[in-house]
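Next up is a structure, given as structure tokens.
The values are calculated or read from the model by the stated rules, or taken from the named source; none is laboratory data. Predicted model only: the values in this text are computed from it and were never measured. Note: ideal-geometry Cβ built from the backbone for every residue, glycine included; neighbour counts use all protein chains shown. Ligands, DNA and RNA are stripped out before the accessible areas are found, and what is left, the full protein with its side chains, is counted by its heavy atoms. Shrake-Rupley method; radii C 1.70, N 1.55, O 1.52, S 1.80 Å.
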Amino acid sequence: MIVVTGATGNVGQPLVRALVTAGEQVTAVSRGISARDMPPGVRHHQADLAEPAGLAPALAGADALFLLTSGDFVSAGGSVSGVLDVARAGGIRRVVLLSSQGVATGSHPATLEDAVTQSDLEWTLLRPGGFDSNTLQWADMVRTQRVVRAPFGDVALPTIDPADIAEVAAVTLLDGGHVGGAYELTGPAPISPRQQTMAIAEVLGEPVRYVEQSRAEARAQMLRFMPEPVVEATLDILGMPKATEQRVSPDVERILGRPPRTFTEWAARNIAAFK
Ligand SMILES: NC(=O)c1ccc[n+]([C@@H]2O[C@H](COP(=O)([O-])OP(=O)(O)OC[C@H]3O[C@@H](n4cnc5c(N)ncnc54)[C@H](OP(=O)(O)O)[C@@H]3O)[C@@H](O)[C@H]2O)c1
């Protein structure tokens, strides 16, 4: 049995589906009372990882854990070591951590990864770059004004479809051959916010205007839902990425045996949010 934290999110939902399709028993964890879009047969357990003891009842019979630590968890002073202690005591042997590319490139601290790699559990690290789904922040303004206001319009990064992260996570949870692996996960090609806006417009079949936002404007918006150090590090990557952050990684294709999905494919699957 596999325990998936962050199970109602952009990565967690497709991960739960992929594991069920592979015939695995899954316990889905989130703080919400009801699990949205959970496939039949998936047990949902309500817990806040910032209070790790609450995870214990989800672990009966589990051997692997997909660990996602949200901004809320970090802001609440959540302890990854505390979560790992509860996991180990509950019989978990293997953990797959959703980390970030910024750890590999030196833009983000390695605190979460260190807690995992210094534990005595078998581990795999997934280090994705920016998610295609971050553009859902634009959905309201696209729906109501057919406009995107975002910073760094011409800085291109190889953003990734969270469904690809989920597929890689499923493989690494199911196949012991990835223990000790650290994978950088990107999309197939760098794409800028202006180009993402054009892709959304093309899928919509209607023009959408791109308006450049200043770093200060973007910062003020992001501070509403992200901790301050994460906001600064994210803006640095979006505005002044290192060469290593603009590079397409071969890891998705190596693990899945096919190239990563394009931003346009993500937009086509999610266009209802922008209509
Ligand atoms: N977005 C990016 O560009 C990017 C890039 C690299 C890495 N990442 C990493 O990706 C992760 C975000 O993934 P995502 O897209 O799946 O996020 P998401 O769509 O916002 O989903 C977050 C999930 O975690 C659950 N959750 C949040 N706080 C929790 C807590 N304290 N205890 C238990 N469950 C909690 C949420 O459900 P409830 O709210 O109901 O609890 C939800 O299921 C973060 O770890 C981030 O560092 C993101």
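When you go through (1) near the ligand (Cβ under 9 Å from one of its atoms); (2) under 18 Å from Leu15 (Cβ atoms) one by one for His108, which number turns out not to apply?
That leaves (2) as the condition not met.
Kindly check whether there is at least one residue in region 12-22 that is near the ligand (Cβ under 8 Å from one of its atoms), at pLDDT 95 or above, within 23 Å of Ile165 (Cα to Cα) and among the basic types (Lys, Arg).
No, every residue in region 12-22 fails to be near the ligand (Cβ under 8 Å from one of its atoms), at pLDDT 95 or above, within 23 Å of Ile165 (Cα to Cα) and among the basic types (Lys, Arg).
Among the residues of region 124-140, write down those that are closer than 21 Å to Gly177 by Cα and either surrounded by fewer than 23 Cβ atoms within 10 Å (Cβ to Cβ) or within 11 Å of the ligand (Cβ to nearest atom) (or both).
Start the filter on region 124-140 by keeping residues that are closer than 21 Å to Gly177 by Cα, which leaves 124-128.
If the condition is that a residue be closer than 21 Å to Gly177 by Cα and either surrounded by fewer than 23 Cβ atoms within 10 Å (Cβ to Cβ) or within 11 Å of the ligand (Cβ to nearest atom) (or both), then Leu126, Arg127, Pro128 are the ones that fit.
Can you name the residue in region 158-185 that is part of a loop (DSSP other than H, G, I, E, B) and among the charged types (D, E, K, R) and is also farthest from Leu136 (Cα to Cα) among such residues? Break it down into steps so the answer makes sense when it comes.
Step one: of region 158-185, the residues part of a loop (DSSP other than H, G, I, E, B) are 158-159, 161, 175, 179-181.
Still in the running and among the charged types (D, E, K, R): 161, 175.
Numbers: Asp161: 12, Asp175: 32 Å.
Looking at the filtered set, the residue picked out is Asp175.
So, of the residues in region 179-227 that are of a type in the set (Asp, Glu) and open to solvent by 40 Å² or more (accessible area, probe 1.4 Å), which turns out to be farthest from Ala273 (Cα to Cα)?
Within region 179-227, the match that is farthest from Ala273 (Cα to Cα) is Glu217.
Taking region 19-33 only, how many residues are in a strand (DSSP E or B) and surrounded by fewer than 17 Cβ atoms within 10 Å (Cβ to Cβ)?
0
Let me ask something else. Going through region 53-65 one residue at a time, which ones are buried (at least 18 other Cβ atoms within 10 Å of the Cβ) and in a loop (DSSP other than H, G, I, E, B)?
Across region 53-65, the qualifying residue is only Ala62.
I'd like to verify a number: residues in region 1-55 that are under 17 Å from Arg94 (Cα atoms) and of a type in the set (Ser, Thr, Tyr), how many?
2
Continuing with this model, one more query. Which ones in region 1-18 are of a type in the set (Val, Ile, Thr) and either outside any loop (DSSP other than H, G, I, E, B) or closer than 14 Å to Val168 by Cα (or both)?
Ile2, Val3, Val4, Thr5, Val11, Val16
Could I ask something else about it? Tally up the residues in region 34-52 that are within 14 Å of the ligand (Cβ to nearest atom), more than 27 Å from Asp85 (Cα to Cα) and open to solvent by 60 Å² or more (accessible area, probe 1.4 Å), please.
Counting residues in region 34-52 that are within 14 Å of the ligand (Cβ to nearest atom), more than 27 Å from Asp85 (Cα to Cα) and open to solvent by 60 Å² or more (accessible area, probe 1.4 Å) gives 2.
Which condition breaks for Thr5 when tested against (1) within 11 Å of the ligand (Cβ to nearest atom); (2) open to solvent by 60 Å² or more (accessible area, probe 1.4 Å); (3) of a type in the set (Val, Ile, Thr)?
(2)
For region 182-221, how many residues are out of contact with any Pro (no Cβ under 6 Å at 6 or more places or on another chain), polar (S, T, N, Q) and closer than 30 Å to Gly257 by Cα?
Qualifying residue count, region 182-221: 4.
Assess whether Leu68 counts as being under 18 Å from the mean Cα position of the chain (by Cα), of a type in the set (A, V, I, L, M), within 14 Å of the ligand (Cβ to nearest atom) and open to solvent by 30 Å² or more (accessible area, probe 1.4 Å).
Values: under 18 Å from the mean Cα position of the chain (by Cα): yes; of a type in the set (A, V, I, L, M): yes; within 14 Å of the ligand (Cβ to nearest atom): yes; open to solvent by 30 Å² or more (accessible area, probe 1.4 Å): yes.
The answer is yes for Leu68.
Oh, and also: Kindly provide the set of residues from region 108-123 that are open to solvent by less than 30 Å² (accessible area, probe 1.4 Å) and of a type in the set (Val, Ile, Thr), ordered by number.
Val116
Turning to a different aspect of this structure: Take region 74-94 and flag every residue that is surrounded by 15 or more Cβ atoms within 10 Å (Cβ to Cβ), aliphatic (A, V, I, L, M) and within 15 Å of the ligand (Cβ to nearest atom).
Hits for region 74-94 are Val74, Val80, Val83, Leu84, Val86, Ala87.
Something else about it: Across region 116-157, what is the number of residues that are among the aliphatic types (A, V, I, L, M), assigned to a helix (DSSP H, G or I) and out of contact with any strand residue (DSSP E or B) (no Cβ under 9 Å at 6 or more places or on another chain)?
2
Right, another one. Here are some residues: Ser81, Ser100. Which one is among the hydroxyl-bearing types (Ser, Thr, Tyr) and over 30 Å from Thr264 (Cα atoms)?
The unique qualifying residue is Ser81.
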